[in-house]
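Data first, discussion second: the structure below is written as structure tokens.
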Amino acid sequence: MRVFNRVYGVKPGRDAPRLDRLLWFRGYYRRNFLIAVPVLVFLVLTWTWWWALVMVPGLLGYVRLEMEIRKVKAHL
């Protein structure tokens, strides 16, 4: 757990404000994306078509997260 907290930061508790939890998760998402980039580059270079199946759900999830953050910020 110490390594997790060093890499991603301390996860906000359930009683933390929604915006704090969403912002933490966005940071978590971005750090994992940095890990996934070399894998995606390898998949693209090997000319496999299914790399899009891996990438599309991740991108849609990130877009949804960003929309939720904007929605919460608008209500502040």
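The values are calculated or read from the model by the stated rules, or taken from the named source; none is laboratory data. Because the structure is a prediction, the values reported are computed rather than measured. Heads up, the Cβs are rebuilt from the backbone with ideal geometry, glycines too, and the neighbour counts pull from every protein chain shown.
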- Item | Sole residue being among the basic types (Lys, Arg), at pLDDT 90 or above, assigned to a helix (DSSP H, G or I) and touching a Leu at 6+ places or on another chain (Cβ under 7 Å), chosen from Arg26, Arg21 | Arg26
- Which one of the conditions (1) in contact (Cβ under 8 Å) with a residue 24 or more places away in the chain; (2) surrounded by 11 or more Cβ atoms within 10 Å (Cβ to Cβ); (3) not polar (S, T, N, Q) does Leu76 fail to meet, given that it meets all the rest? (2)
- Note on the structure: Counted residues in region 34-51 being in contact with a Leu (Cβ under 9 Å, 6 or more places away or on another chain) and in a helix (DSSP H, G or I) come to 1
